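Here's the structure, in structure tokens; my notes come after.
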Amino acid sequence: MNELPEHLENIKRTLKETSYDKTNRVFMSEKTLKVLDFDKLTKWYLHHIIGRKDDTLSSNDAFYSDEEKTFFVEFKNCCIDRKTQRQLKSKIYDSFVIMCDPQTQISEYVSGFSGNASYSRKNIDYILVYNGTKNTSKSSIREHANNKAQIANWGLDYFEGYLFRHVYTYTKEQFEKWLSKNIKRID
């Protein structure tokens, strides 16, 4: 792939860096896979495209693409309650709109990219990585059954086939295994 536009080159980070939880001072991934820090792209978008300096948009943490896989990743090191579920959905919608806006130039990062829902639902996955120990409750039986059936938890399965090809909810450990199995060049 050709050289990225400056605003995309400036937001390249490792997956580990994008997984950092400042509040608890912990990383949700140890992988050094290069990704786009989508939170930083959102700040750039607000300032340079929308003309605002506030934080009125929310976004997923990371965006990755290679010849075979393209996906968003959101890391949550907290108990996922109803408020957090609403925030996750808002992040998905805002990230989707930003990704599809031609002015972000995501097409320079994703080979063959077409900024629309038809393209996304055929080619892009969404992954929520959560802390399994902070999400043990009476609903854990349902979550365990959903994981076995590979159905996304917390209502995120709504987005599968609508905005994304697949939607996954993984613990940190499950995510690390998924990465090792699905990404060829990974540390």
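The values are calculated or read from the model by the stated rules, or taken from the named source; none is laboratory data. These numbers were taken from a predicted model, which means no experiment stands behind them. Here the Cβ positions follow ideal geometry from the backbone for every residue, glycine too, while neighbour counts run over all protein chains shown. We work out accessible area using only protein heavy atoms, side chains counted, and drop any ligands, DNA or RNA first. Shrake-Rupley method; radii C 1.70, N 1.55, O 1.52, S 1.80 Å.
Side notes on the structure shown:
- Count - residues of the stretch 111-132 that are in a loop (DSSP other than H, G, I, E, B) and open to solvent by 10 Å² or more (accessible area, probe 1.4 Å): 7
- For the stretch 71-78, the criterion of being part of a strand (DSSP E or B) and open to solvent by 40 Å² or more (accessible area, probe 1.4 Å) is met by none of the residues.
- Selection within the stretch 159-182 - β-branched (V, I, T) and farther than 24 Å from Y119 by Cβ: T171
- Residues in the stretch 162-185 that are at pLDDT below 95, open to solvent by 40 Å² or more (accessible area, probe 1.4 Å) and either among the small types (G, A, S) or assigned to a loop (DSSP other than H, G, I, E, B) (or both): S180, K184, R185.
- Top-ranked residue of the stretch 1-30 - restricted to ones that are within 21 Å of C78 (Cβ to Cβ), part of a loop (DSSP other than H, G, I, E, B) and not small (G, A, S), ranked as nearest to the chain's Cα centre (by Cα): M28
- Residue check for T18: at pLDDT below 95, under 24 Å from A152 (Cα atoms) and in contact with a strand residue (DSSP E or B) (Cβ under 8 Å, 6 or more places away or on another chain): no
- Residue in the stretch 147-160 that is open to solvent by less than 20 Å² (accessible area, probe 1.4 Å), modelled with pLDDT of 95 or more and either outside any helix (DSSP H, G or I) or closer than 25 Å to L8 by Cα (or both) present: no
- Filtered by the rule that a residue be at pLDDT 95 or above and of a type in the set (D, E, K, R), the stretch 47-65 gives a lone residue, D61.
- Of everything listed in (1) surrounded by fewer than 18 Cβ atoms within 10 Å (Cβ to Cβ); (2) within 18 Å of K172 (Cα to Cα); (3) in contact (Cβ under 8 Å) with a residue 12 or more places away in the chain, the single unmet condition for R25 is (3).
- Within the stretch 167-187, residues that are in contact (Cβ under 8 Å) with a residue 12 or more places away in the chain and of a type in the set (D, E) sit with their Cβ atoms under 9 Å from residues that are assigned to a loop (DSSP other than H, G, I, E, B) and open to solvent by 70 Å² or more (accessible area, probe 1.4 Å), at 6+ positions apart or across chains, in these pairs: E176/E30; D187/E30.
- Looking only at residues in the stretch 81-110 that are closer than 21 Å to L179 by Cβ and part of a loop (DSSP other than H, G, I, E, B), the one that is most open to solvent (accessible area, probe 1.4 Å) is Y109.
- Top-ranked residue in the stretch 31-56 [being in contact (Cβ under 8 Å) with a residue 40 or more places away in the chain and not in a helix (DSSP H, G or I); ranked as surrounded by the most Cβ atoms within 10 Å (Cβ to Cβ)]: L36
- Residues within the stretch 57-70 that are in a loop (DSSP other than H, G, I, E, B) and touching a helix residue (DSSP H, G or I) at 6+ places or on another chain (Cβ under 7 Å), tallied: 6
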